[in-house]
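For reference, the structure discussed in these notes is given below.
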Amino acid sequence: MPQRRSHVAPSAAQTELAAALADLREALDAPTSFPPDVLAEAERASGSTPELDLRDIPFATLDPAGSRDLDQAFHLEKTSSGYTVRYAIADVPDFVEPGGAVDAEARRRGQTLYAADGTIPLHPPVLSEDRASLLADADRPALVWTFALDETGEVGDFRLERALIRSRAQLDYATTQAALDRGEGGPAALLPEIGALRLERERKRGGASLNLPDEEVVRAEDGSYAIVRRRPLPIEEANAQLSIMTGMAAAQLMLGAGVGILRTMPEPDDAAFETFRLQTIALGRPWTDGTYGEFLRGLDRDDPLTLPVLEAASSLFRGAGYLVFDGTAPDDAVQAAIAAPYAHATAPLRRLVDRWSLAICLAVSSGAPVPAWVRDSLADLPGLMQESGQRASRLASGTVNAVEAALLTPLVGTELDATVVEDRGERVTIQIAEPAVTASAPAPVGVKPGDRLRVRVARADIAKGEVEFEGVAEEFRPRESRSSS
């Protein structure tokens, strides 16, 4: 599921917040530079030239504007029986020598880290933003998945091959969405159609999607902070379905071969569902029937209460991990949110585990033995990914805490309206609309999710990422009374 990220715009970077974020990186042992031997090996890596030449196929990439680490490229076409989807993935296994310096450093890092003031890449930029990246107008080796979909979007068959490709266009989400809204064609013309079909397949499987807004923090000329919340565009959700489809295919290949690593997540238990159901009732947007996936898909993204509902739903998407197997496929391998077995296999430039998944899938598809380096190190991956995931989580939470403290620093002593998102006993999680901040506050007696609070900003410490609130007189109104406000 997409993570909530805060981004500091350049105008806000040279502030106390920038210093706090730099300190956070240092405390997390999140290196911003690569050792000389890693850089030297990366400079020597050139990749090989695959025998299969698919440069006549006009692939395109679709990413946030300005991206350089391009993991995926697609080509979509309609057929007499449905669709052909080609999904090319950067051939990182071909550029990284097993047991080499780049490999060792990647294992130490685990994944690309996203901070408010920039990224900390998994691989040296000469690979992740240049030679291994599927940049437009450049010949690149890639691992190409080819899917045959019927008219309902169901996958009939698929294959995986190494091939030489050449992307023709580097698309970004906002520009592509605007072009589609104007009725223009282009490489992504079929993506909304295919994405909608795949979303319907997800619905029928019982899967669920949770797309929280991105946030961008900016600083005004007067020195005050503001936060801009951006909801995922429809084209982003459609594009994500291509990745999910590929991850399901990768899991199928590995399960069939009896060797691999799956991304798993347990089904929420009855208590978690009941808590979420009560929260939706308290918020005035009750989940009364259907699966939780159907409920989340049906939320109005323009409704101001949708965000608190989605924040509450995030508690249902916990417990994700990795499951390694070699010799016998696991009986229960379903990723609950996707409602199918699933593997991470589409972002090898930015996530360590994908390199192993792709190496296994390519071997299985070509009838070759799974490489020894893969089998020898497979059991290490869950620990490596857990460690990097914890580092990413600490960085994300520390970044959000520092950013929110920066937003509230000029408002110390000010009273604000807030909505209760979650009851945590003596404290509650609150959502402040302006500035857009999610925080913790003392819980008045009788408060429940959906109630409105009046709070005062008592303290904001950017360096420590701490904010304190106080309740004020007439401090909360039950949800039922809000219709007159």
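Failed condition for G260, given (1) under 26 Å from D172 (Cα atoms); (2) small (G, A, S); (3) surrounded by 20 or more Cβ atoms within 10 Å (Cβ to Cβ), with all others met?
(1)
Among the residues of segment 131-180, count how many are open to solvent by 30 Å² or more (accessible area, probe 1.4 Å) and of a type in the set (S, T, N, Q).
Residues flagged as open to solvent by 30 Å² or more (accessible area, probe 1.4 Å) and of a type in the set (S, T, N, Q) within segment 131-180 amount to 3.
So which pairs qualify, if the first residue must be in segment 77-100 and over 19 Å from A142 (Cα atoms) and among the acidic types (D, E), the second must be outside any helix (DSSP H, G or I) and at pLDDT 95 or above, the Cβ gap must be under 9 Å, and the two must be at least 6 apart or on different chains?
Here the result reads E77/Y83; E77/T84; E77/V85; E77/R86; E77/L190, each pair linking segment 77-100 to a residue that is outside any helix (DSSP H, G or I) and at pLDDT 95 or above.
Which members of segment 275-300 meet the condition of being in a helix (DSSP H, G or I), within 18 Å of A339 (Cα to Cα) and not hydroxyl-bearing (S, T, Y)?
Those that are in a helix (DSSP H, G or I), within 18 Å of A339 (Cα to Cα) and not hydroxyl-bearing (S, T, Y): G293, E294, F295, L296, R297.
For the condition farther than 15 Å from A142 by Cα and of a type in the set (S, T, N, Q), what is the one hit in S365, S357, S315?
Step by step, each of S365, S357, S315 is checked, and only S315 is farther than 15 Å from A142 by Cα and of a type in the set (S, T, N, Q).
Inspect segment 164-171 for any residue being in a strand (DSSP E or B), under 22 Å from the mean Cα position of the chain (by Cα) and farther than 21 Å from A196 by Cβ and give the result as yes or no.
For segment 164-171, residues in a strand (DSSP E or B), under 22 Å from the mean Cα position of the chain (by Cα) and farther than 21 Å from A196 by Cβ: present.
Would you please list the contacts, defined by Cβ atoms under 9 Å and residues six or more apart or on different chains, that run from a residue in segment 413-436 that is in contact (Cβ under 8 Å) with a residue 12 or more places away in the chain and within 15 Å of A313 (Cα to Cα) to a residue that is acidic (D, E) and open to solvent by less than 20 Å² (accessible area, probe 1.4 Å)?
Pairs that qualify, where the first residue is in contact (Cβ under 8 Å) with a residue 12 or more places away in the chain and within 15 Å of A313 (Cα to Cα) and the partner is acidic (D, E) and open to solvent by less than 20 Å² (accessible area, probe 1.4 Å), are V420/D451.
Of the residues A313, A379, which is buried (at least 16 other Cβ atoms within 10 Å of the Cβ) and either modelled with pLDDT of 95 or more or within 18 Å of the chain's Cα centre (by Cα) (or both)?
A313
Being open to solvent by 10 Å² or more (accessible area, probe 1.4 Å), within 22 Å of the chain's Cα centre (by Cα) and of a type outside the set (V, I, T) is the filter here, so list the residues in segment 116-130 that pass it.
D117, G118, P121, P125, E129
Could you grab me the full set of residues in segment 35-79 that are touching an Asp or Glu at 6+ places or on another chain (Cβ under 7 Å) and at positive phi?
Once the filter is applied, which keeps residues that are touching an Asp or Glu at 6+ places or on another chain (Cβ under 7 Å) and at positive phi, segment 35-79 yields only G47.
Of the residues L395, L416, L358, only one is surrounded by 22 or more Cβ atoms within 10 Å (Cβ to Cβ), aliphatic (A, V, I, L, M) and outside any loop (DSSP other than H, G, I, E, B); which?
None of the other options fit; the residue is L358.
Every residue, every condition in (1) open to solvent by less than 40 Å² (accessible area, probe 1.4 Å); (2) among the small types (G, A, S); (3) at pLDDT 80 or above; (4) touching a Lys or Arg at 6+ places or on another chain (Cβ under 8 Å), yes or no:
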| residue | (1), (2), (3), (4) |
| --- | --- |
| P410 | no, no, yes, no |
| E422 | no, no, no, no |
| G425 | no, yes, yes, no |
| Q431 | yes, no, no, no |
| A436 | yes, yes, no, yes |
| A441 | yes, yes, yes, yes |
| E468 | no, no, yes, yes |
| E474 | no, no, no, yes |
| S483 | no, yes, no, no |
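Give the residues of segment 126-163 that are closer than 16 Å to D63 by Cβ, in contact (Cβ under 8 Å) with a residue 60 or more places away in the chain, outside any strand (DSSP E or B) and not acidic (D, E), sorted by residue number.
Answer for segment 126-163, where residues must be closer than 16 Å to D63 by Cβ, in contact (Cβ under 8 Å) with a residue 60 or more places away in the chain, outside any strand (DSSP E or B) and not acidic (D, E): S128, A132, S133, L134, L135.
So which residues in segment 104-120 are in contact with a helix residue (DSSP H, G or I) (Cβ under 7 Å, 6 or more places away or on another chain) and at pLDDT 95 or above, if there are any at all?
E105, R107, R109, G110, Q111
Determine whether A251 is over 24 Å from Y114 (Cα atoms), modelled with pLDDT of 95 or more and touching a Pro at 6+ places or on another chain (Cβ under 7 Å).
yes
Evaluate the following for L349: is it touching a strand residue (DSSP E or B) at 6+ places or on another chain (Cβ under 8 Å), in a helix (DSSP H, G or I) and more than 30 Å from P435 (Cα to Cα)?
No: the conditions fail for L349.
Is one or more of the residues making up segment 323-341 of a type in the set (D, E) and either open to solvent by less than 10 Å² (accessible area, probe 1.4 Å) or under 16 Å from the mean Cα position of the chain (by Cα) (or both)?
Within segment 323-341, none of the residues are of a type in the set (D, E) and either open to solvent by less than 10 Å² (accessible area, probe 1.4 Å) or under 16 Å from the mean Cα position of the chain (by Cα) (or both).
Please return the ranges of strands (runs of 3 or more DSSP E) entirely within segment 16-115 where 2 or more residues are open to solvent by 30 Å² or more (accessible area, probe 1.4 Å).
Ranges flagged: 72-78.
The values are calculated or read from the model by the stated rules, or taken from the named source; none is laboratory data. Here the structure is a predicted model, which means the values were calculated and not measured. Ideal geometry is used to build each Cβ from the backbone, glycine not excepted, and the neighbour counts take in all protein chains shown. We work out accessible area using only protein heavy atoms, side chains counted, and drop any ligands, DNA or RNA first. Shrake-Rupley method; radii C 1.70, N 1.55, O 1.52, S 1.80 Å.
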